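Trainee: Pasting in a structure now, in structure tokens, and then I'll have a few things to ask.
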Amino acid sequence: MTDIALRPGIRRAAASLHQGGVVAYPTEAVWGLGCDPKNLRAVQQLLALKKRDPRKGLILIAADIAMLAPYLHALSPSLIEKLQNSWPGAITWLIPNNHYASPWISGGQNTLALRVTAHPVAAALSRAYGGPLVSTSANPQGLPPAKSLMKVKAYFGNNLDAYTPGSIGSAAKPSEIRHLVTGEVIRAAS
């Protein structure tokens, strides 16, 4: 089986990420927009495209938990085990912010949102890029998240730097969001 991270569309999108671009890709339930979380200009562009308040913070996705290791530093072994037992999958965890992530990712909050994606294209893009990506639904604030590539293009047209191939997964709603320490469900999956 060929690693889809090597496919031309994924490689082009990963190259765009390295150049500070904003890209669209499918996730478990909706199309997502992503960029390099360490590139302030790219994050600002993504937020402007969505008309999203930077204080809300952003989710980071990765192909595996090892890519998220710097953000997990200082978590107890039992909390890391909790993450490992739920990933890959459509659960985004709010973890204590150890300030490895820039404030433009955390929104200046004391938590950080992380997920190891189970979607093969999103995971392949993370692998091809070589690290975690910003992941937010592909829609302007207040409009429904895009469930098709055609809808992403209707929303953003030529304002994105790349589109990966693929289609969304079978999840009915965007990922559930839970607080790692308290277990509180912030956004239910169904």
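Trainee: Taking 30 Å as R0, compute the FRET efficiency from the Cβ-Cβ separation of HIS179 and MET150 and round it to 0.05.
Mentor: 0.25
Trainee: Same structure, new question: Taking the number of other C-beta atoms within 10 Å as the exposure measure, put ILE177, ILE95, ILE59 in order starting with the fewest.
Mentor: Ascending number of Cβ neighbours within 10 Å: ILE177, ILE95, ILE59.
Trainee: Taking only Cα atoms, what is the 0 to 90° angle, nearest 10, from helix 77-86's long axis to the longest principal axis of the chain?
Mentor: 40 degrees
Trainee: Still on this structure, please answer the following. Which of the lysines could a cross-linker bridge to LYS147, judged by Cα under 24 Å and excluding same-chain residues fewer than eight apart?
Mentor: Candidates past the 8-residue exclusion: LYS50, LYS51, LYS56, LYS173.
Trainee: Amide H of LEU112 versus every other amide H placed in the peptide plane: which residues, excluding those fewer than 5 positions away on the same chain, fall under 5 Å?
Mentor: So LEU112 has HN proximity to ILE95, ASN97.
Trainee: Let me ask something additional. What are the trypsin sites (Lys or Arg not before Pro) within the stretch 1-74 that DSSP puts in a loop, where the Cβ has at most 13 other Cβ atoms within 10 Å?
Mentor: Loop-located and lightly packed - LYS51.
Trainee: State, in angstrom, two size descriptors of the chain derived from its alpha carbons: Rg to one decimal place and Dmax to the nearest whole number.
Mentor: Over the chain's Cα set, Rg and Dmax evaluate to 15.2, 45 Å.
Trainee: Report the label-to-label distance for ASN158 and ALA48 in nanometres (one decimal), using points 7 Å from each Cα along the Cα→Cβ vector.
Mentor: Result for the modelled spin labels: 1.7 nm.
Trainee: Right, another one. Label SER170 and GLN84 with points 7 Å out from Cα along Cα→Cβ: what is the distance between them in nm?
Mentor: 2.8 nm
Trainee: So what's the net charge close to THR92: Lys and Arg +1, Asp and Glu -1, counting the other residues with Cβ under 9 Å from its Cβ?
Mentor: +2
Trainee: In nm, to one decimal, how far is the GLN141 label point from the SER76 one, both placed 7 Å along Cα→Cβ?
Mentor: About 3.7 nm, to one decimal.
Each reported figure results from applying straightforward, stated rules to the coordinates on display, with no laboratory input. Source: prediction; values computed, not measured. Heads up, the Cβs are rebuilt from the backbone with ideal geometry, glycines too, and the neighbour counts pull from every protein chain shown.
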